[in-house]
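For reference, the structure discussed in these notes is given below.
A short reminder: the numbers here are calculations on the coordinates, not readings from a lab. Not measured: the values here are computed from a predicted model. FYI the Cβ positions are ideal-geometry reconstructions off the backbone, even for glycines, and counts take in every protein chain you see.
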Amino acid sequence: MTDPVCKMEINREDAEASSEYNGQTYYFCSEECKESFDKRPEKYVERGKKAASGGR
Ligand SMILES: [Zn+2]
């Protein structure tokens, strides 16, 4: 999966932090990325693009 803030490819096991938004869980490479996301999630979530299923 991809860190929505810095677009880095990360494995769920390697994720330092995660956050839920709109019923989806997002994973981040660092707490910094999570904080940026939590401040403005709508800035990072791609709109108009359907998220692939199987995010669990
Ligand atoms: Zn990141």
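Tabulated results
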item: Distance between modelled label sites at Lys43 and Met8, nm, 7 Å Cα→Cβ extension; result: 1.8 nm
item: Ordering of 8-17, 21-30 by burial proxy (mean other Cβ atoms within 10 Å per residue, highest first); result: 21-30, 8-17
